[in-house]
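A short worksheet on the structure shown next.
The values are calculated or read from the model by the stated rules, or taken from the named source; none is laboratory data. All values derive from a computational prediction rather than experimental measurement. Backbone-built Cβ (ideal geometry, glycine too); neighbour counts: all protein chains shown. The protein model used for the area step is the full one, side chains on, heavy atoms only, and it has no ligands, DNA or RNA in it. Shrake-Rupley method; radii C 1.70, N 1.55, O 1.52, S 1.80 Å.
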Amino acid sequence: EHLREYTGVIISEADRLTALVDSMLGPSRAPQKSLINIHEICEHVYRLLRSEARAGVLVERDYDPSLPNAEVDSNQVIQALLNIARNALLAVGERGRIVIRTRVAANVSIGTARHKLAASLQVEDNGPGVPPEIADTIFFPLVTGRANGTGLGLAVSQDLVTRHGGLIEFESKPGRTVFTILLPLPENA
């Protein structure tokens, strides 16, 4: 039964990645949005992260049950959240704690647009934090704080979230780093 669950995850990941690559390599198309429960996205990322985490890493969920459904391209938002979550996993190393959290944010400004409601998806870790020397450029391509990093994960995440009219923010200090994805929610939410 344990292996059956992970086999299902592998199959769904292969299908999701195929669709994501098709959408990203084609002409700059708008996201293929549908109304979805954000927690389905978070659960997918949670399962993947839990399967990749070392034994000394605790991966937790803290979901806001009042979060309304959002119109998003689930493949793109999964990839954006997964890139951030995997960075957290690498940051904590052998031992640590990662929390995937959702909240409803009210009266959010994203660029020049004001949104009554937005979905807030957070990834918090207790790793060493973002190195101060790259904090201002962390979303630029090829900027990384790891010797073997590509510097593409956060740049891709930022692009995917921007396609949804959203924003990624972060705050970081040693022992607590929080990346927040803000996605506008429908006006009738």
Sorted by chain and then number, the residues having a modelled amide H within less than 5 Å of the amide H of residue 96, at least 5 places away or on another chain, are 57, 58
Interchain or sequence-distant (5+) residues whose placed amide H lies within less than 5 Å of the amide H of residue 67 are none
Normalised Cα Rg of the chain, dividing by 2.2 N^0.38 Å with N its residue count, works out at 1.00
Computed over the chain, protein heavy atoms only, probe 1.4 angstrom, the accessible area per residue in square angstrom equals 53 Å²
For the chain, averaging the sequence separation of alpha carbon pairs under 8 Å that lie six or more residues apart and dividing by its residue count, the contact order in percent is 20 percent
Reduced to Cα centres, the span from the stretch 30-75 to the stretch 78-104 in Å works out to 11 Å
Excluding ligands, DNA and RNA, the carbon-plus-sulfur percentage of the accessible area of the stretch 85-189 with a 1.4 Å probe reads 53 percent
Per-residue ellipticity at 222 nm attributable to helices in the chain (runs of n ≥ 4 DSSP H, -39500 (n - 2.57) apiece, nearest 500 deg cm²/dmol) works out to -12000 deg cm²/dmol
Contour minus Cα-Cα span, residue 9 to residue 104, at 0.36 nm per residue, comes to 31.4 nm
Output ordering of 88-95, 53-60, 73-80 (per-residue mean of other Cβ within 10 Å, highest first) is 73-80, 88-95, 53-60
Counting sequence-distant residues (5 or more places) and residues on other chains, those with an amide H built under 5 Å from that of residue 115 are 108, 109, 110
